[in-house]
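Peer 1: Before anything else, here's the structure in question.
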Amino acid sequence: MSHTQRRRFALFAVLAVFLLGVAAASSASAAIRYTISIDHPEKHLFSVEMQIPNVSGGVTVQMPAWNALYQIRDFSSHVRQVTASAGEKAAPLEKLDKQSWLITGDGTITVRYTTYWDEPGPFASQLNSEHAFLNLAMILFYVPSRRDEGVLVTIRDVPGGWRVATALSDFDSEYGRHHFIGFQAKDYDSLVDSPVEAGSFDEFELPGFSPRIRVVVHGDSWKREHLIEVLRRICRYELDLMQDRPFETYTFIFHIGKITGGSGGGMEHSYSTAISVSSEEFLPGVAAHEFFHLWNVKRIRPSSLEPVDYSKEQWTRALWFAEGVTSTYSSFTEVRSGLWSREQFYTDLGYQITELESRPANRWKSAEESSLDAWLEKYPLYNLAESSASYYTKGQVLGVLLDILIRDRTNNTASLDDVLRSLNTDFAQKGRTYRDSLDVRLTVEKIAGSSFEEFFRRYVARADPLPYAEILSLAGLDVQLKKAGRASAGFAVNRGPSGEFSVTGLLPGSAAAAAGVQDGDIILQWNDGEVPRRQDRWLRQRRPGEILRLRVRRDDGEMNLEFPLGEQLEAIWVVSESASAGEKARRIRDGLLRGVTQARPATKR
């Protein structure tokens, strides 16, 4: 770059900062400014400066206690060296509780601190020599009484060769060696609902979509053509299903391959999603689930989750629908878009039923109670089969059963698809929230033209045994309990409060024990990638004898262990097509698999 070019870049950078300052001073929508430095990323420290204008007497700032996961994780535990000033003078600073600080002063208050993050996955934040990923609620303080004010953010000291991606509007420039990115949001909630990826990532747009769908990929072991085809099918189907495009640009942020480590899965946001998978093999299901959240939970939203309270748990009975029925639509999307065969859909449905019925807690824990207890999932004891049943799993099965019942009662002229579209029209598009399970039931009844009060009372609010056989038969499907052999790791996996996975329940005499695995080992890598969040599902997709490679930490050392998977007999539920299904049941089955209904007969005049 020539001397003249460098001067032009420098002048542009200064002008951009000046314009941001003018905007902040002249507009109430840009009152609070943040600057985040990621210099020396190998230290894993984000250095933050927060400027709060128009303070009179003092101001209280807080760090959220939770975000992304329904878990109190106390992000303030990562914060170091908080200082404050008012103008050129130091300002008195008093910590009030684990997440709140009181600063005394007038005018513009400046708060400075560092926060340490090196946790991989879409539910945390990370800064290292490979990249930076920021869930901003884990990084940035907020003023509780001024959350609705606009904010400006600058990320500075970005390493050479790195770029920054977020769903927020941004500009990109250089000033000397200091590369920085600036972006803005209408309020704090919008800001922290927009994760940020920084690094030398790949970026492209999905062809043929309007509005725009952007894809950002950090990682390895992926093929662009395959990823484009998978996302194209998912996005096309779900956009057509909902008949709504509530975005100008939607951004997928992917972490793919062994470099991700840690916790896999996906996290939904209003205009983007962050997804971490060890390989493309696991990507379609997660992507289909997270993209459907564009409507269900981000816009079709339960009243119990609004307004967001970052300081404490936010109890809701609706996660069986917000998350579980979103999983229903993940499976519907895969089969209806051709990513799955019908046999794969049946196999997955059988897995969900098997998982539910293998947990004793399913006999007494309702879908609503499981939703309320989401905040307990960070505790190992709660995750035991005797203590909990997943609202994801129960909600997914309930979604399939509801779809079949609606189709049966309307002679296949309506479906659960109509329920989601109606909720989107009646609530999301009008800026309204729904009353947890009540408005879901009322909408189902409106679409079906009949009462679903008993169904919701028995199977959503209570834990009566789900009538799989009775309802699945309406769609020409059989469900049977069979004994089958499946792959076994020889141990169970426990996830601790910090997110680490450890070995528990090691079987004496197993191949894992013979290879040197011990109870209490911390699992760092699983087949060179992250530990699958649902080991049972992973094992059901493997065969006895396949090799499992683990990297574990024990005491102060790390080691690699390798051994073949064993075999164990288990009772599994198998879903298959009934040879004796009647014509109506076959039409319902076809509608379920293809996502179609029949036209209602014309009314006689």
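The values are calculated or read from the model by the stated rules, or taken from the named source; none is laboratory data. Computed from a prediction, not measured in an experiment: that's the story for all the values here. Cβ coordinates were reconstructed from backbone atoms using ideal geometry, including for glycine residues, and neighbour counts include every protein chain displayed.
Peer 1: Which numbered condition in (1) farther than 18 Å from Leu140 by Cα; (2) crowded, with 16+ Cβ neighbours inside 10 Å; (3) basic (Lys, Arg); (4) at pLDDT below 95 is the only one that Arg177 fails?
Peer 2: (2)
Peer 1: Just give me the residues in segment 197-243 being under 20 Å from the mean Cα position of the chain (by Cα) and on the phi > 0 side of the Ramachandran plot, in sequence order.
Peer 2: Once the filter is applied, which keeps residues that are under 20 Å from the mean Cα position of the chain (by Cα) and on the phi > 0 side of the Ramachandran plot, segment 197-243 yields only Gly219.
Peer 1: Being in the same structural domain as Ser358 (by TED's automatic domain parsing), in contact with a Leu (Cβ under 7 Å, 6 or more places away or on another chain), under 28 Å from Phe345 (Cα atoms) and assigned to a helix (DSSP H, G or I), is that true of even one residue in segment 442-454?
Peer 2: Yes; the residues of segment 442-454 include at least one that is in the same structural domain as Ser358 (by TED's automatic domain parsing), in contact with a Leu (Cβ under 7 Å, 6 or more places away or on another chain), under 28 Å from Phe345 (Cα atoms) and assigned to a helix (DSSP H, G or I).
Peer 1: Can you list residue pairs whose Cβ atoms sit under 6 Å apart, with the first residue in segment 149-163 being touching a residue at least 60 places away in the same chain (Cβ under 8 Å) and the second being part of a strand (DSSP E or B) and charged (D, E, K, R)? Count only pairs 6 or more apart in sequence or on different chains.
Peer 2: Listed pairs, sorted by first residue: Leu152/Arg33.
Peer 1: Here is a list of conditions, (1) within 23 Å of the chain's Cα centre (by Cα); (2) under 23 Å from Gly182 (Cβ atoms); (3) not small (Gly, Ala, Ser), and Gln71 meets all of them except one; can you say which number that is?
Peer 2: (2)
Peer 1: Out of the residues in segment 522-561 meeting the condition of being touching a residue at least 12 places away in the same chain (Cβ under 8 Å) and of a type in the set (S, T, N, Q), tell me which one is surrounded by the fewest Cβ atoms within 10 Å (Cβ to Cβ).
Peer 2: Among residues in segment 522-561 that are touching a residue at least 12 places away in the same chain (Cβ under 8 Å) and of a type in the set (S, T, N, Q), the one surrounded by the fewest Cβ atoms within 10 Å (Cβ to Cβ) is Gln535.
Peer 1: Do any residues in segment 225-239 that are more than 16 Å from Phe282 (Cα to Cα) have Cβ atoms under 7 Å from those of residues that are of a type in the set (Val, Ile, Thr), where the two are at least six apart or on different chains, and which pairs are they?
Peer 2: Cys235/Ile213; Tyr237/Thr333; Glu238/Thr333
Peer 1: Any idea which of Tyr351, Tyr382 is at pLDDT below 95, surrounded by fewer than 18 Cβ atoms within 10 Å (Cβ to Cβ) and either more than 22 Å from Leu69 (Cβ to Cβ) or not assigned by TED's automatic domain parsing to the domain that holds Lys223 (or both)?
Peer 2: Tyr382
Peer 1: Where residues in segment 498-538 are in contact with a Lys or Arg (Cβ under 7 Å, 6 or more places away or on another chain) and modelled with pLDDT under 85, which of them is farthest from Ser77 (Cα to Cα)?
Peer 2: Going through the qualifying residues, I end up with Asp528.
Peer 1: Looking at Glu562, Glu570, which is the one that is within 30 Å of Pro467 (Cβ to Cβ) and either of a type outside the set (Val, Ile, Thr) or assigned to a strand (DSSP E or B) (or both)?
Peer 2: So the residue among Glu562, Glu570 that is within 30 Å of Pro467 (Cβ to Cβ) and either of a type outside the set (Val, Ile, Thr) or assigned to a strand (DSSP E or B) (or both) is Glu570.
Peer 1: Okay, moving on. Consider Thr108 against the criteria (1) surrounded by 20 or more Cβ atoms within 10 Å (Cβ to Cβ); (2) not in a loop (DSSP other than H, G, I, E, B): it satisfies all of them except one. Which criterion is unmet?
Peer 2: Evaluating Thr108 over (1) surrounded by 20 or more Cβ atoms within 10 Å (Cβ to Cβ); (2) not in a loop (DSSP other than H, G, I, E, B) leaves (1) as the failure.
Peer 1: So how many residues does segment 357-373 have that are surrounded by fewer than 21 Cβ atoms within 10 Å (Cβ to Cβ) and either small (Gly, Ala, Ser) or in contact with a helix residue (DSSP H, G or I) (Cβ under 6 Å, 6 or more places away or on another chain) (or both)?
Peer 2: 2
Peer 1: Also, quick follow-up: Filter segment 114-151 for residues that are aliphatic (A, V, I, L, M), closer than 14 Å to Asp74 by Cα and in a loop (DSSP other than H, G, I, E, B); which is nearest to the chain's Cα centre (by Cα)?
Peer 2: Step by step, filter segment 114-151, then rank; the result is Ala124.
Peer 1: While we're on this one: Mind counting the residues in segment 493-521 that are more than 23 Å from the chain's Cα centre (by Cα), part of a strand (DSSP E or B) and buried (at least 16 other Cβ atoms within 10 Å of the Cβ)?
Peer 2: Looking only at that region, the number is 1.
Peer 1: When you scan segment 214-293 for strands (runs of 3 or more DSSP E) that lie fully inside it, which ones turn up with 3 or more residues that are aliphatic (A, V, I, L, M) and buried (at least 21 other Cβ atoms within 10 Å of the Cβ)?
Peer 2: The strands (runs of 3 or more DSSP E) meeting that bar are 272-277.
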